[in-house]
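K.L.:
Sharing a structure, written as structure tokens. Questions coming.
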Amino acid sequence: MPDQPLLSIIIVSYNTREVLRECLASVQRAVDLPHETIVLDNASPDGSADMVAQEFPDMVLVRNTGNVGFSPANNTGMERACGRYIVLLNPDTIMRPGSMRAWVEAHERVKATISGPRLVGTDGHTQPSAWRIPDLLDATLELFMLHRVVARNRYATAELEAGCTVGFVSGAAMLFERSVFERQGGLDPEMFWMEDADLCLRIREAGGTCWYVGGPGIVHIGGESSKRNLDRVIANQLLSRVKFARKHGTVLTAALMSLVIVLHAITRAAAFTLLSAIRQEPRARAYRHTLKRLYHYHLHGDRSI
């Protein structure tokens, strides 16, 4: 089709109206390649969808009737996409002038199957956005709070600055051809964390490559929706580790991962409950909620997010 856009930029939002407005304005202002922008709103109560309809009428708006989750909403966007390339962007990202073009050019230069750019915070500092696939040892180090001392899933700064193949890139900003979606499918709807690692691993296992391409950087504010949904976020962070191990690991590693994650939730719930006696500590409730979710997942097969 002669008017096919090069890029289909897909943005899923829940209750992020102000940062979403800034994100869409930056796409409109800074993306200088033929593109369409598809915004999928998960029934935000803050008027996000109405804002998009009123202020960005040229963008495709999908109003979901409920909060269907990050992965299912992105999959809907990918099904509707017309571009050669799919770009998954979080609503709390801000495109810089030239950043999208540099990203696509780097992606094509290294012949990546899937890639991610450099992400920077609002202070201009580079954020971690490419990692090795986390495993049972990583979860065990985290259980004993040693993961920051032994940061075994991160890459050296020099490697990243040069651009390199990686285990996975952040789901905050991903680029791949639509044909990859057609072959591999989209994001796993049962994961609301590690869906990016899962997609990158599936692509690599099928013979593709996953690249961190660096570049001028895209601003990533980070955590705007998560701040309002701490119970759900922590529960799904831990549950997704178990789901990922069951999907990609052996029966033994999956069982051990389940044990480590349950112990992680128990110790944090106890610690933060004690802390809540002297200060407000929302993580106490979040970890108690996580324990309930783990119980329902393991004993009742509840795979919801």
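K.L.:
Looking only at region 128-142, decide whether some residue is on the phi > 0 side of the Ramachandran plot and assigned to a loop (DSSP other than H, G, I, E, B).
P.N.:
Looking through region 128-142, none of the residues is on the phi > 0 side of the Ramachandran plot and assigned to a loop (DSSP other than H, G, I, E, B).
K.L.:
Taking the stated definitions as given, is M174 closer than 24 Å to E22 by Cβ and among the hydrophobic types (A, V, I, L, M, F, W, C)?
P.N.:
On the way: closer than 24 Å to E22 by Cβ: yes; among the hydrophobic types (A, V, I, L, M, F, W, C): yes.
Against the criterion (closer than 24 Å to E22 by Cβ and among the hydrophobic types (A, V, I, L, M, F, W, C)), M174 qualifies.
K.L.:
Can you find even one residue in region 95-107 that is over 16 Å from G215 (Cβ atoms) and crowded, with 17+ Cβ neighbours inside 10 Å?
P.N.:
There is no residue in region 95-107 that is over 16 Å from G215 (Cβ atoms) and crowded, with 17+ Cβ neighbours inside 10 Å.
K.L.:
Same structure again: Since R268 meets every condition but one in (1) within 22 Å of S71 (Cα to Cα); (2) surrounded by 20 or more Cβ atoms within 10 Å (Cβ to Cβ); (3) not aromatic (F, W, Y), which condition does it not meet?
P.N.:
The number of the failed condition is (1).
Here is a yes/no grid of residues against (1) in contact (Cβ under 8 Å) with a residue 60 or more places away in the chain; (2) within 24 Å of R246 (Cα to Cα):
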site	(1), (2)
V150	no, no
R154	no, yes
F176	yes, no
G186	yes, yes
P189	yes, yes
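K.L.:
Which numbered condition trips up D32, out of (1) over 30 Å from S304 (Cβ atoms); (2) in contact with a Phe, Trp or Tyr (Cβ under 7 Å, 6 or more places away or on another chain)?
P.N.:
With respect to (1) over 30 Å from S304 (Cβ atoms); (2) in contact with a Phe, Trp or Tyr (Cβ under 7 Å, 6 or more places away or on another chain), D32 is out only on (2).
K.L.:
Residues in region 54-72: is at least one at pLDDT 95 or above, crowded, with 24+ Cβ neighbours inside 10 Å and out of contact with any Phe, Trp or Tyr (no Cβ under 9 Å at 6 or more places or on another chain)?
P.N.:
no
K.L.:
Further question: Residue check: is M78 within 23 Å of I305 (Cα to Cα), modelled with pLDDT of 95 or more and among the aliphatic types (A, V, I, L, M)?
P.N.:
Numbers: within 23 Å of I305 (Cα to Cα): yes; modelled with pLDDT of 95 or more: yes; among the aliphatic types (A, V, I, L, M): yes.
Yes, satisfied.
K.L.:
With A173, A245, A158, A162 as the choices, which residue is modelled with pLDDT of 95 or more and in the same structural domain as I11 (by TED's automatic domain parsing)?
P.N.:
Just one listed residue meets the conditions, A173.
K.L.:
Could you look through region 272-290, keep only residues that are surrounded by fewer than 16 Cβ atoms within 10 Å (Cβ to Cβ) and either in contact (Cβ under 8 Å) with a residue 12 or more places away in the chain or within 28 Å of the chain's Cα centre (by Cα) (or both), and pick out the one that is farthest from E190 (Cα to Cα)?
P.N.:
Selected residue: T273.
The values are calculated or read from the model by the stated rules, or taken from the named source; none is laboratory data. None of these values were measured; they are calculated from a predicted model. As a convention, Cβ positions derive from the backbone with ideal geometry for all residues, glycine included, and neighbour counts pool all protein chains shown.
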